[in-house]
Amino acid sequence: MAQTPLQQATEVAKTDPKKAESLLKEILASKLGACAMPLVHEEATRDQDGALMELAKLYRDEGNAEALADVVRLSRKFMSSTAKAKSAKLVRTLIDYFAPLPSSTAIQTALLNELIAWARGESRIFLAQSLEIRLATLFLETRQYREGLTIVDRLLGELRRLDDKMILTEVHLLESKLHHATQNLPKAKAALTSSRTAANSIYCPPHLQAQLDMQSGLLLAEDKDYKTAYSYFFEAFEGMSGVEDTPGALAALKYMLLCKIMLNAPEDVSTIMNVKLASKHAGRQVDAMKAIAAAHQGRNLAAFEQALKDYQPELQSDPTIRTHLSALYDTLLEQNLLKIIEPFGRIEIAHVAQLVGQPVSQVELKLSQMILDKVFNGILDQGAGCLVVYDEPEEDETYSSTLDTLKHIGNVVESLYAKVCHIP
């Protein structure tokens, strides 16, 4: 059986992308001419749809964002002859092809704004809302939080009137992520609660439920409730593994390991990684967390710093992990300092800095903070460059005993007064 032009172009794309590009453009040109007829044959529409998809894949693989944007614009020319739901799915799929092109942010933003204006002009409200969600997500990824929140606020006003629970769940979840990124935790929690409320009234797809669990875990971790956060991350990990969202599952796994480290249970990291579902995510991302767990278990500040240096891209790129590891580093430094100064009544700050392998200024700052926080009793003699450590003062119980005595006397006086009032 002879191959169709679309099948030929698909075959040629594997060996000669330029020729395939030319063939696909010919198909689109001829089909677009046919689309001007009142009656559009189903096969012609299907071939046109396929040619658009193949051409978009070709430009995606070449990394040509400008040409890919032109394909998306071209897709609008035949949407009037297809169902709105089908055309909306096609546009969303074409937009998703930008994902592997990290340098295409500006092009995506301009294209999405153009498509949103077109969709609203054509009264394709649901497509416009879907594209606005994608644009707000792009603003979240590029840290343009104010612009993202502006879109979300406008969308929420429309969606409450339409009462579309599914999209409302997605938008509230996106709102929570944007507020979390700006460290506005009360609003982030309120938006997440609204998202869960909307999700409870509909069937929530597994991937969306996993995202809700992930966001719940992140907010609980901000409150340092790592035990509950771990359970949410575990649910998110299972959900994302079930729908084969490898990047999402890996992120959830890293957060699970982080929670175990922050709960002072770094030995559980190896146990988690022995599970079959987790072992397939082995790699530098997981190795980074295992190195941190090993350093924390041994209370080894030098090993902790070396792990941060060796796995800098893996540990510093995620703001959540970066923030919590910074707090863990401070705790580990504090524990090491306490261990060093415990036997001494007076010790040179330079010697302490040498033992922990930190600059003198940083050690001096940390010691002063510990004194103010009443971690230990002492003073910094900056003139001599020494730390003077005092014994913990014995608590004088005279004051508290006196207060207790006065309290009891007051009770006796009130009791006697009550009895006197009852005497005729």
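The set of residues from the stretch 105-120 being over 17 Å from residue 154 (Cβ atoms) and either without any contact (Cβ under 8 Å) to a residue 24 or more places away in the chain or surrounded by fewer than 20 Cβ atoms within 10 Å (Cβ to Cβ) (or both) comprises 105, 106, 107, 110, 114, 118. Within the stretch 269-286, being open to solvent by less than 60 Å² (accessible area, probe 1.4 Å) and either farther than 18 Å from residue 316 by Cα or acidic (Asp, Glu) (or both) holds for 269, 272, 273, 278, 279, 281. Residue 137 - would you say it is surrounded by fewer than 20 Cβ atoms within 10 Å (Cβ to Cβ), at pLDDT 90 or above and closer than 22 Å to residue 94 by Cβ? Here the answer is yes, as residue 137 does meet what is asked. In the stretch 272-290, the residues that are over 12 Å from residue 250 (Cβ atoms) and of a type outside the set (Ser, Thr, Tyr) reach residues that are assigned to a helix (DSSP H, G or I) and at pLDDT below 85 with C-beta atoms within less than 9 angstrom, at least six apart or across chains, in these pairs: 272/278; 273/279. Each residue in the stretch 323-343 was checked for being farther than 13 Å from residue 304 by Cα and among the hydroxyl-bearing types (Ser, Thr, Tyr), and 1 pass. Scanning the stretch 140-153 for residues that are in a helix (DSSP H, G or I), open to solvent by 20 Å² or more (accessible area, probe 1.4 Å) and without any contact (Cβ under 8 Å) to a residue 40 or more places away in the chain returns 141, 145, 146, 147, 149, 150, 153.
Where in the stretch 246-289 are there helices (runs of 4 or more DSSP H), lying wholly inside it, with at least 1 residues that are β-branched (Val, Ile, Thr) and touching a helix residue (DSSP H, G or I) at 6+ places or on another chain (Cβ under 8 Å)? Outline the logic, then answer.
Working: elements: 246-262, 268-273, 276-279.
Answer list for the stretch 246-289: 246-262, 268-273.
Of the residues making up the stretch 210-227, those that are closer than 16 Å to residue 171 by Cβ and either open to solvent by 20 Å² or more (accessible area, probe 1.4 Å) or not hydrophobic (A, V, I, L, M, F, W, C) (or both) are 211, 215.
Only one of these is buried (at least 18 other Cβ atoms within 10 Å of the Cβ), at pLDDT 80 or above and more than 24 Å from residue 124 (Cα to Cα): 66, 62, 54. Name it. It would help to see each step written out before you state the result.
Values: 66 fails: buried (at least 18 other Cβ atoms within 10 Å of the Cβ); 62 fails: buried (at least 18 other Cβ atoms within 10 Å of the Cβ).
Answer to the selection: 54.
Scanning the stretch 367-410 for residues that are free of Cβ contacts under 8 Å to residues at least 40 places away in the same chain, surrounded by 12 or more Cβ atoms within 10 Å (Cβ to Cβ) and of a type outside the set (S, T, N, Q) gives 367, 370, 371, 376, 378, 379, 380, 381, 385.
Restricting attention to the stretch 295-346, the residues being of a type in the set (Asp, Glu), part of a helix (DSSP H, G or I) and under 26 Å from residue 371 (Cα atoms) number 3. Take residue 156 and decide whether it is touching a His at 6+ places or on another chain (Cβ under 9 Å), open to solvent by less than 20 Å² (accessible area, probe 1.4 Å), over 28 Å from residue 71 (Cα atoms) and assigned to a helix (DSSP H, G or I). Answer is yes for this residue. Residues considered: 170, 175. Of these, the only one that is open to solvent by less than 40 Å² (accessible area, probe 1.4 Å) and either touching a residue at least 12 places away in the same chain (Cβ under 8 Å) or assigned to a helix (DSSP H, G or I) (or both) is 175. Could you check residue 85 against (1) surrounded by 14 or more Cβ atoms within 10 Å (Cβ to Cβ); (2) modelled with pLDDT under 75; (3) assigned to a helix (DSSP H, G or I) and say which number it fails? Result: residue 85 fails condition (1) only.
Which of the residues belonging to the stretch 231-254 are open to solvent by 50 Å² or more (accessible area, probe 1.4 Å) and on the phi < 0 side of the Ramachandran plot?
First, pick out the residues of the stretch 231-254 that are open to solvent by 50 Å² or more (accessible area, probe 1.4 Å): 231-232, 234-235, 238, 242-244, 246-247.
Result: 231, 232, 234, 235, 238, 242, 243, 246, 247.
Apart from one condition, residue 100 fits all of (1) under 26 Å from the mean Cα position of the chain (by Cα); (2) assigned to a helix (DSSP H, G or I); the exception is (2).
The single condition from (1) surrounded by fewer than 23 Cβ atoms within 10 Å (Cβ to Cβ); (2) within 19 Å of residue 326 (Cβ to Cβ) that residue 296 fails is (1).
The values are calculated or read from the model by the stated rules, or taken from the named source; none is laboratory data. This is a predicted model, so every value here is computed, not measured. All Cβ positions, even for glycine, are placed from backbone atoms using ideal geometry, and neighbour counts span all protein chains on display. These area figures cover heavy atoms from the full protein model, side chains too; ligands, DNA and RNA do not enter into them. Shrake-Rupley method; radii C 1.70, N 1.55, O 1.52, S 1.80 Å.
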